[in-house]
Amino acid sequence: MADGARIIGREQLARLVEVLAARGYAVMAPTVRGGAVVLDEVHGVDELPWDVGDVQEPGSYRLTERGDGAVFGQAAAVKAIKPVLFPPDELIWRGHRSGTQFSVTDREGQPQRPVAFLGVRSCDLRALAQHDRVLADRAFPDTRYLRRREGVFLAAVTCADPADACFCTSMGGGPHPEEGYDLALTELVDPHRFVVEIGTELGAQVLAEVGSEAAAPEDLAAVRDQIASATERMTRSMDTDGLRDLLYASAESPVWDEVGNRCLTCMNCTMVCPTCFCTTVEDVSSLGSADAERRRVWDSCFSEEFAHIHGGSLRTEAKSRYRQWLTHKLGAWQDQFDALGCVGCGRCITWCPVGIDLTAEVAKLRAAAPLSVGGAR
Amino acid sequence: MFDESLKSSALPKLAVWKFASCDGCQLSLLNCEEELLTVAGAVSIAYFPEATRGVVEGPYDVSLVEGSVTSPEEIERIGQIREMSKTLVTLGACATSGGIQALRNFADVAEFRSIVYAHPEYLSTLARSTPISAHVSVDFELRGCPIDKGQLLEVLAALVESRRPRIPTYSVCAECKRRGNVCVMVANGTPCLGPVTQAGCGALCPTYERGCYGCFGPQNTPNTAALSDQLVAAGMPPEVAMRVYRTFNAAAEPFRRESERQERAVAVAGKGAGR
Amino acid sequence: MTATLERPAQPDAMAPARYRIGRTRQDTRDTFTIELEPVDGPMLRYRAGQFTMLDAFGVGEVPISISGDPGRPGPLEHTIRDVGAVTHALITAPRGAVLGVRGPFGTSWDVADGQGGDIVFVAGGIGLAPLRPALLEVVRHRDRYGRVVLLYGARTPEDILFGDELRSWARDHGVVVEVTVDNGQHAWRGKVGLVTNLVPRAGFDPHATLALVCGPEVMMRAVAQSLVARGVPGDRVRLSLERSMKCGVGLCGHCQLRELFVCVDGPVLSYDRLASLLSVREL
């Protein structure tokens, strides 16, 4: 934990939202929508999920009452940073036709206010780092992502109460945000307060406006205890040792047949995954209009159409699509972006309607593989 | 795009036909209101009894066909329509899978007939309700009960512009998630057919926190067995798991197969209980 | 990683440049070559084997390999088979119509890498079109290469592309051109059968050969296996892959073949990199 940690109370948390809004940010924070915690725009701390907890298991999500009054006492929100910086449907360009000619009339779409994220988790920050690699650090970057990404303010929180679906500690992360934030909060109850670590100069300026006090050694000890306790309670895990080679060597494994029989090819896992980035383009024109739009929308390797070329789809079977997803996320991603494509947030486990658990599938592949390619010892 | 032949003086001639159905899909065209004038400007509506008494003789460039085939007379009529139509598009669950009336396919029509009608001998009806595609070739199928008017306009626009209609064949879940909904099945335990159902409605029911009841019929690779297993494991009795597939698209092949699988499960359970 | 991300302004690879159709030439029953001239800016520069995303306004966009001569000024050429709504709109667009062009994208044949040795081109169907720029390059610098062979398989005699050029390459430039068809009618006096069957008798030195192969995947695999079996090293056999592509710059994810983004790492890839990937069904 960084030196110079500060401490704020509930009033200053409210003040933090006000200061960010006054600086022109749209403040996105955890809030309850449709029976789940999502990140959405809030206009005050009363919209935050006070005393709300969650139970996340394979194929099931339920809200609970915590009883301790904590506001950030949930695991990963179903929607966090991805839909904001990488929207499900966005304009690429708009054009106008005149006879057999056309011209591009708009490449920008609606300007968007800069966004401040409050209450994002360590897994969200690490997923954001992946999107920066995939979308920004490229020969041809995604210019729309770049525009939204620049000027983002990140106030993260320590994940005090991970869910059953979580396994970030296996994937090189942990409950405590380590980097890539402007401010990092750790919520302590009894008395209710937030230890704040400062990550950037901008974060320091914002906190100065909010007002804070120096954290006491007991506060810092409580933060360390919370991190240790959260880490210990995360029991789901994935063995990442030699994972890429294991997946590459398992292309013909019977494990794919079995999971292919359970997979709905419904795309839910890819839509909730904070690192999945596949998209398609759609041309939208209406009857009798000389205008047309090219839009980019989220797509998924679980759709048959995804790998369609003249003559048919290259992945007709569910097992081929599941293999593509898992092999890309945990194997090919390492070759492409020198990192794992999974941050262990557990969303794909929770939000799969039939509860398919990728950590279990990896364990099965390991069990079925020979030792020489990373099979189970 | 550059096919001017469709645009100039000779607007494509459009006809709308009704078979066994409730008229709801045709009404979607009338419900287009604002867009109807655009439609009227882009095509010449040559036969549409629901909207106008004027009749223009065939052949037609585009025929929109609503309803399923349930009588011998209808088999003959759809053949004639096909012959005089360059492009034939079917509208809705009845025309694409046989509709709710295909529930007869799972029972004895003679029995229904004798219960419902005083003089069943005057009635000429087939044992099964079948989609249009069981009788003639179909160029494009629009799903739904009723169809989505946006999809109808998209298909008409595509026909006029000689392009492929942008009608997705993947699951409702994709639309639901893009719309930002929270999954009703995972978060509330509400049974939902979204994962096995074709998109196109904009995830209408889940948006109002209700489960999808499959009115757009099966998506292109539906895993109905895996979904049913999950629903049953979550407490749905097999007879209900059977009935959720016996609605608007009961005779669509993947839904029919699944409801019959559940029917067998019910029968096996019944035998077990009787022992 | 930093909390804030700042990057210099970048050009938008998703925005098309406008090109105007000059001439459209019918090559066969269903295949046309369109010639394009830029409307707004300079003519794009490309290498043999690269592709562009061609856009028919309001209809859609498709990846098409450039089939023209990269070494000669002139219009941008694409040879297109009429197989879908977008390709149909492209080939039926009248002279003067404006299309969108993005690119060029992807890797090239790098045929100059074969200088000093033999070159074997193997094409199946429309696959001859992406090879044409490389063939033109070899023909222009004919003296820098040893034996040059083109093995070409078409469905029927009517489907043979660039017939005049095939004759000219054979007659005037010392290219060994062997053509075979799947279905020959009575007037056809040439070979009938798979193009793969032509490989054993093509008469090249396997240890000093660069082979460039383009056609349906199943054909490319068979040809590559045959070439390797005759002693051509896997890294001297290059294939041009076809995959679904929506962006052309490795962002949309559609074209992935395990670790490869075919649009960026390909479309031209050496067989030693592909052999194990192509042998797995539906990878």
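So the values come out like this:
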| item | result |
| --- | --- |
| Max mean-square fluctuation residue, GNM over chain A, Cα-Cα springs under 10 Å, options A:274, A:353, A:191 | A:191 |
| Helix-only [θ]222 nm of chain A, DSSP H runs n ≥ 4, -39500 (n - 2.57) each, per residue, nearest 500 | -8000 deg cm²/dmol |
| Quotient of C-alpha Rg and 2.2 N^0.38 Å, computed over segment B:110-158 | 1.78 |
| Inter-centroid distance (Cα atoms) of segment A:269-288 relative to segment A:348-377, Å | 28 Å |
| Cα-based Rg of chain B normalised by 2.2 N^0.38 Å, two decimals | 1.10 |
| Relative contact order computed over segment B:4-160 (Cα-Cα under 8 Å; 6+ residues apart), in percent | 28 percent |
| Diffusion coefficient, µm² s⁻¹, Stokes-Einstein with Kirkwood Rh over alpha-carbon pairs of chain A at 37 °C and 0.692 mPa s | 148 µm²/s |
| Contact order normalised by residue count of chain C, Cα under 8 Å, 6+ apart, percent | 17 percent |
| Chymotrypsin sites (Phe, Trp or Tyr not before Pro) restricted to DSSP loop in segment B:196-246 with at most 16 other C-beta within 10 Å | B:208 |
| Alpha-carbon centroid distance for the pair segment C:125-184 / segment C:52-83, whole angstrom | 20 Å |
| Gyration tensor verdict on segment A:12-75 (Cα atoms; rounded if a/c is under 1.5, prolate if a/b is larger than b/c, oblate otherwise) | prolate |
| Computed E for residue C:83/residue B:266 - FRET, C-beta separation, R0 35 angstrom, nearest 0.05 | 0.15 |
| Entries of A:329/B:177; A:79/A:329; A:82/A:319; A:329/C:246 with Cα pairs more than 22 Å apart | A:82/A:319 |
| Inter-centroid distance (Cα atoms) of segment A:104-132 relative to segment B:94-119, Å | 55 Å |
| Residue A:241-residue A:64 FRET efficiency (beta carbon distance; Förster radius 30 Å; 0.05 resolution) | 0.30 |
| Hull shadow area, averaged, segment B:4-160 [alpha-carbon convex hull, nm²] | 9.7 nm² |
| Histogram of C-alpha separations across segment A:243-373, 10 Å bin width, % | 12, 38, 33, 11, 5, 1, 0 |
| DSSP-defined beta bridges in the protein assembly as shown - what % are antiparallel, rounded to 5 | 60 percent |
| Qualifying trypsin sites (Lys or Arg not before Pro) in segment B:1-110, DSSP loop, other Cβ atoms within 10 Å at most 11 | B:53 |
| Debye log10 I(q)/I(0) for segment B:172-274, one point scatterer per Cα, at q = 0.10, 0.11 Å⁻¹ | -0.27, -0.32 |
| Prolate/oblate/rounded call for segment C:22-164, Cα gyration tensor, a/c under 1.5 rounded | oblate |
| Cα shape, the protein assembly as shown, gyration tensor, a/c 1.5 rule | oblate |
| Nearest-ten-degree value, helix C:128-140 long axis tilted from longest Cα axis of chain C | 70 degrees |
| Choice from C:59, C:199, C:249 showing the highest fluctuation, given a GNM over chain C with Cα pairs closer than 10 Å | C:59 |
| Average Cα contact separation per residue, segment A:6-233, under 8 Å, 6 or more apart, as relative contact order % | 23 percent |
| Top of A:292, A:249, A:339 by mean-square fluctuation, Gaussian network on chain A, Cα under 10 Å | A:292 |
| Antiparallel %, DSSP beta bridges [both residues in chain A], to 5 | 80 percent |
| Spin-label model distance (nm) - residue B:75 vs residue A:192, 7 Å beyond Cα toward Cβ | 7.3 nm |
| Proportion of all alpha-carbon pairs of segment C:17-105 beyond 16 Å (%) | 47 percent |
| Rg ratio (alpha-carbon, reference 2.2 N^0.38 Å) - segment A:247-307 | 1.60 |
| Calculated from backbone phi, Karplus (6.51, -1.76, 1.60) coupling profile of segment C:153-166 in Hz, x at Gly/Pro | x, 10, 5, 9, x, 5, 8, 6, 8, 6, x, 4, 5, 4 |
| P(r) of segment C:161-264 over all Cα-Cα pairs, binned every 10 Å from zero, in whole percent | 13, 32, 32, 19, 3 |
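FYI, it's all coordinate maths here, none of it is from the lab. Please read these numbers as outputs of a predicted model, since none were measured by experiment. No Cβ is skipped: glycine too gets one built from the backbone with ideal geometry, and neighbour counts run over all protein chains shown.
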